[in-house]
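So the structure is just underneath, and the comments pick up after that.
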Amino acid sequence: MAVEAMANGIPVIGSARGGLVEVLREGGVTVDIPVKHTPDTRTPPTQDEVKDWVTAIVHLWDSPSEYVRLAERAKETAAQLWHSNVLIPRWIHFLSQICKRI
């Protein structure tokens with residue numbers, strides 16, 4: 001969904017942990033998740049632990065020019081990295097290399 005949002009000019013605020021960092025690159029904002037929070041964590045984060053997330057959201061809300069800048073950057077990143085014109089040749093090359101090994 002992040003790539004779809006970016007392609008439509010919607011800045012993504014996502015976790016600085018995991019694969020989303022590689023998806024967003026310069027096309028979004030990443031925010032740290034406290035180390036103690038893992039997929040197995042069953043307790044909600046504290047107010048202090050979500051402060052950076054809220055700050056990122058409020059910043060985009062309160063700064064239309066920053067929102068527009070990030071929206072443009074999101075669209076550019078999505079087009080450069082995730083558009084079918086980019087992905088299809090990569091996949092063809094990847095699959096061709098695999099077929100050569102068979």
Inset, instruction - Note the angle between two axes, namely the Cα long axis of helix 84-101 and the longest principal axis of the Cα atoms of the chain, as a number of degrees from 0 to 90, rounded to the nearest 10. - result: 50
Inset, instruction - List every residue whose amide H lies under 5 Å from the amide H of residue 15, counting only residues 5 or more places away in sequence or on a different chain, with H placed 1.01 Å from N in the peptide plane. - result: 31
Legend entry - Crossing angle, helix 64-82 versus the chain [Cα axis fit, 0-90 degrees, rounded to tens]: 20
Legend entry - Helix axis angle, 51-62 relative to the chain longest principal axis, alpha carbon, degrees: 80
Inset, instruction - Let me see the pair-distance distribution of region 2-101: every alpha carbon pair, 10 Å bin width, integer percents in order. - result: 15, 35, 28, 16, 6, 1
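Each reported figure results from applying straightforward, stated rules to the coordinates on display, with no laboratory input. As the structure is a prediction and not an experimental result, all values here were calculated from the model.
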